[in-house]
Amino acid sequence: MLTATRQLHPSSRILARRLPELHSALYQALNVLLPDGLAVSDLLYSRAGDGPVLYLEVIERHAYTTFVRLSHVIGEERQHNPNAHVRIYHDAAMAEATAFSPEQGIQRFAGPDLSVGGLVVRSWRLNRALMKWLDYLIAQGHGPDTMVPAPVGGMSEALSDGA
């Protein structure tokens, strides 16, 4: 006798088909957060209310892509948490999270030990987490009006100014 099982999570095949849509939504959310901010400076920060400082650093700039680090700077130790690394594809109007924690940094996770299905599921989870965080940041009031270039002295000077 065959029994039908209900799949609780979408298969990696379904997620793979939906990833481009999620990458486009991330790009749109980033444009709401900082429409022209990336053109202004390689180091930006934002304060919205009494929440932690939002920090954006451009790690790499190329003709059609920009690689950024987006994080909150928290506490006396000025820890970056979450520590989102995001690759923005300007020509394709897409963005993708490559990492979302301090431990991951910019490590690559592809290789013979991780199946393609595992890579798709990991990518889906990272990008969904980033999408939820970007929605939260926008709802908190972060945006082009609050995202400003860091002073010449860098982030330590910006953070000491009332953070």
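The values are calculated or read from the model by the stated rules, or taken from the named source; none is laboratory data. Everything numeric here is computed off the predicted structure, so don't read it as measured data. Because the Cβ atoms are built from the backbone with ideal geometry, glycine has one as well, and the counts that use them run over all protein chains shown. Areas reflect the complete protein model, heavy atoms only, side chains present, ligands, DNA and RNA absent. Shrake-Rupley method; radii C 1.70, N 1.55, O 1.52, S 1.80 Å.
Taking region 125-142, which residues are touching a residue at least 24 places away in the same chain (Cβ under 8 Å) and over 16 Å from residue 73 (Cβ atoms)? Answer for region 125-142, where residues must be touching a residue at least 24 places away in the same chain (Cβ under 8 Å) and over 16 Å from residue 73 (Cβ atoms): 126, 127, 128, 129, 130, 131, 134, 135, 138, 141.
For every residue, the table says whether it meets (1) out of contact with any strand residue (DSSP E or B) (no Cβ under 9 Å at 6 or more places or on another chain); (2) buried (at least 19 other Cβ atoms within 10 Å of the Cβ); (3) within 30 Å of residue 14 (Cβ to Cβ); (4) at pLDDT 95 or above.
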| site | (1), (2), (3), (4) |
| --- | --- |
| 51 | no, no, no, no |
| 74 | no, no, no, no |
| 77 | yes, no, no, no |
| 101 | no, no, yes, no |
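Just to be sure before I move on: is residue 73 of a type in the set (Val, Ile, Thr), farther than 21 Å from residue 131 by Cβ and assigned to a strand (DSSP E or B) in the structure I sent? Criteria met by residue 73. May I ask you to list the residues in region 9-40 that are within 20 Å of residue 147 (Cβ to Cβ) and open to solvent by less than 30 Å² (accessible area, probe 1.4 Å)? Selection gives 26, 29, 30, 33, 34, 37, 38.
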